[in-house]
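Participant: Sharing a structure, written as structure tokens. Questions coming.
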Amino acid sequence: MVADVAHLSSAHIASETPREHDLLSLARTCLRNLYGERADFAAIVTEIESRVRMAQAERPNDLKALDSARLNTPKWFARPGRPGYSCYIDRFSDTLTGCIDTIPYLNSLGVGLFHPLPLLKPREGDSDGGFAVADYHEVDPRLGTFDDLVALADSLRANDISLVLDVVCNHTAREHAWAKAWLAGDPAYADFYIKVETDAEMQEWNRHLSDVFPDTAPGSFSWDDDAKGFVWTTFYPFQWDLNYANPKVFLAMLDVLLDLANSGVEGFRLDSAAYLWKIKGTICRNLPQAHDILKAFRSYLSVAAPGVFLLAEAIEGLDEVLGYFGTDESQSECDLAYDNTPMTALWGALAEGKADAMSEALRLTQQKPPHGTWLNYVRCHDDIIWQALKGWVDQDRLWRWSNLYAGEGDSFADGLAFQAPAGQAPSTCGMAASLCGVGTDDFGLDRLKLVYGITYALDGVPMIYMGDELAMRNDTLFRDDPQKAQELRWLHRPQMEWTLAEARHRSDTDAGEMFTYLLKLNHIVANIANWSSSAPAKSRSVGDDRILCIDRALPEGTFCCLANMSDMPLFLPASLHGHDLITQAAVQTLPPYGLVWMMRP
Ligand code: GLC
């Protein structure tokens, strides 16, 4: 029987505004979809709403002022010429306090969103780069204290930069207090995790699941002696999936979000968002219930901390990724989502020297609902997952791309093949510069500028991955660390090279050339009205399949990005001759891997 919570409306919450009323109704609908069959449903909603009201009441005044301003500027995070920047704190600045000292550097790059990878207290030993959290209310002691985190958030904000944090919401470390209490049989934590007792039952689930790390962590369950069963572990055996079928898990994670939001975090990257709900006989990804959870998170945050954005980390096929925006504004879910389809297709296009895969990716991504915003990127701390394109790019092609970036044959790229389920093209690891061939042939830096020039041309927010702005290459030192040696993603998680950063304004180094190039792109887009959020990037054929042509119909004219994906110089048809905004030169040809930006009336 579905419990009735109608009595919880305005009578229950005296000062509810019409906006809050709509948000709370949406959240209740989502919760009803998830937990409506439970006899204690009304009590659950009451408990959750009082937690939200408490957070709202406790929200510091400066953050409330930010909320008010942002309610009038819904896409506040998409500011032309203000890219995001993502890094591991220990590799970038050693500590959180040290990170405050890097703010002038971030400012010099125009950074508007700062996204350090997970920094909450991880388990000891291998923690999958911090993605196995042992305590969401504490910071990794090697990086500092929670007060240091708040100080960093404040300092960034004082410099007009927003702090974006990872919330690993699908799983905790096996060492988290919730897991310990669950193992100890504490009734308050019953059903916090998922355990199957027999091999047969595990096989039944497994038939429909695919492995994320087939080589280093095969299967989706791990036997645990203390649990006396197979615990659900989508990722590594020490990362235990939370059981969102238990509303207490929902509340516990909401509590984490509210707490961090009130500590000054301005955006959340919701890690592994696709995996939040499990139903036997399904692939247990992107299920409608996962969307209900996210929508409810969004709605409650919109009540207590409306100036905070949500970024979906769902590296899936495009149709699935689109779902994370919610169908329309009134059903809003995540504000941003990783635009992994064009990112992946762009690497494919570069591998082939042909634009068609990228053109098709852009055609598909136009389905994005207008209220959502893409987070555009070239590289991140993870591998490039070719399988995300499997619906429309055939496996042979994906294999060719994967092999090329693994450096096979006469390849310009210096990357490594990561893991993929049997028979599927392996994902790719490597820094963008290395994958582009910086240090391998004469065109490496041109390719790197090309992929960033294209990515910056798209609608949305570009995110720079630490080191790309200085054309930093792979870091092979991880091979010497037994805890990392088998995890090839460490290839592209280098230590920041501050000596390169200090020389960033010199034009005679790759680092200086790349840094200056990004600044130029920032400067151009900062001076174009409605750049980030309006006018989807549309590709158009120009009669030469080596040229990628992207148009955006902006208020002040049609912006056009022309990119030569090949290593041959190409003549442009007369209709495309024009003035390049980047070099300020008249353009009739494109050099190998050349890119121009134009504005036509
Ligand atoms: C996300 C992270 C990845 C991590 C995984 C498990 O995909 O980006 O680095 O391994 O989640 O937390």
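Participant: Per the Kirkwood formula on distinct C-alpha pairs, the Rh of the range 538-600 is how many angstrom?
Facilitator: 11.6 Å
Participant: Viscosity 0.890 mPa s, temperature 25 °C: give me the Stokes-Einstein translational D for the chain in µm²/s, with Rh taken as the Kirkwood radius over C-alpha pairs.
Facilitator: Rounded, D is 99 µm²/s.
Participant: At a Förster radius of 45 Å, what calculated FRET efficiency corresponds to the Cβ-Cβ distance of ARG400 and GLN588, to the nearest 0.05?
Facilitator: Approximately 0.85, to the nearest 0.05.
Participant: Right, something else. Would you mind classifying the range 303-349 by shape? Square roots of the alpha carbon gyration tensor eigenvalues, ordered a ≥ b ≥ c; an a/c under 1.5 is rounded, otherwise it is prolate if a/b is larger than b/c and oblate if not.
Facilitator: The shape class here is prolate.
Participant: Same structure, new question: Which angle from 0 to 90°, rounded to the nearest 10, does the C-alpha axis of helix 247-262 make with the longest principal axis of the chain?
Facilitator: 60 degrees
Participant: Counting other beta carbons within 10 Å of each residue's own, what order do MET496, MET599 fall into, fewest first?
Facilitator: MET599, MET496
Participant: Net charge around ASP154, counting only other residues with Cβ within less than 11 Å of its Cβ (Lys, Arg = +1; Asp, Glu = -1)?
Facilitator: -2
Participant: Starting with the fewest neighbours, write out ARG157, ARG28 ranked by other beta-carbon atoms found within 10 Å of each beta-carbon.
Facilitator: ARG157, ARG28
Participant: State which entries of LYS64/LYS520; LYS75/LYS538; LYS248/LYS280; LYS180/LYS280; LYS64/LYS180 exceed 28 angstrom in Cα-Cα distance in the structure shown.
Facilitator: With Cα atoms farther than 28 Å apart: LYS64/LYS520; LYS64/LYS180.
Participant: Counting other C-beta atoms within 10 Å, which of CYS334, CYS284 has the fewest, and how do the rest follow?
Facilitator: By the 10 Å Cβ count, ascending, the order reads CYS284, CYS334.
Participant: What is the dipole size for the chain, taken about its Cα centre, with +1 at each Lys and Arg Cβ and -1 at each Asp and Glu Cβ, in debye to the nearest 20?
Facilitator: 1380 debye
Participant: Now, a different point. Can you tell which of SER507, GLN495, LEU404 lies farthest toward the positive end of the dipole of the chain, using +1 and -1 charges on the Cβ of basic and acidic side chains (Lys, Arg; Asp, Glu)?
Facilitator: My answer, from the dipole projection, is SER507.
Participant: Note down the magnitude of the dipole of the range 538-600 about its Cα centre, charges +1 on Lys and Arg C-beta and -1 on Asp and Glu C-beta and zero elsewhere, to the nearest 20 debye.
Facilitator: 160 debye
The numbers here are math on the coordinates, done by the rules we state, and not lab data. Quick caveat: nothing in here was measured; it's all calculated off a predicted structure. Positions of Cβ are generated from backbone atoms using ideal geometry, with glycine treated the same way; all protein chains shown enter the neighbour counts.
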